[in-house]
Amino acid sequence: TVAAFESFRFVIKGSLAGAAVYLAYDQGLLGSGMQGAEALKKAQAALPPAIQEWTSYIGWEVRTLPPTPKFDFSPSDSWNKGVQTVMSALSVAPTRACEYTVEGWKYVKDLVK
């Protein structure tokens, strides 16, 4: 019974993870930086009405909601900066690997002496 419970938990977690990835893809979060920026704008516009509807459905009384946080950065610029950083690191990786290998051999030789 424990194995069945563990496999059931695994299926539930996998389903939730798959649904989250599908939702992110469907909303354009896995697309280009411009698609991500548009999805962020849609989320900021839809969040307060959704929270208001949810609280009224449950029966909570919410007089005022705090304003949604304002993001003063461009997701596309951040994405581009990240891509540039990764590509820069990959371009110098062979040189750095050689340097680290030489340093490692020196260290090993000094230990053996």
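What follows draws every value from the coordinates through simple rules; no lab data is involved. It should be emphasised that the depicted structure is a prediction, and the values quoted were computed from it without experimental measurement. Note that each Cβ is placed from the backbone with ideal geometry, even for glycine, and that neighbours are counted across all protein chains shown.
Once label points are set 7 Å from the Cα along Cα→Cβ at both Gln27 and Ser15, what is their separation, rounded to one decimal in nm?
Result: 2.1 nm between the two label points.
Rounded, prolate or oblate: pick one for segment 1-40, where a ≥ b ≥ c are the square roots of the eigenvalues of its C-alpha gyration tensor, a/c under 1.5 means rounded, and failing that, prolate if a/b is larger than b/c, else oblate. Walk me through the numbers on the way to the answer.
Values: a/c = 6.30, a/b = 5.87, b/c = 1.07.
Note, shape of segment 1-40 comes out prolate.
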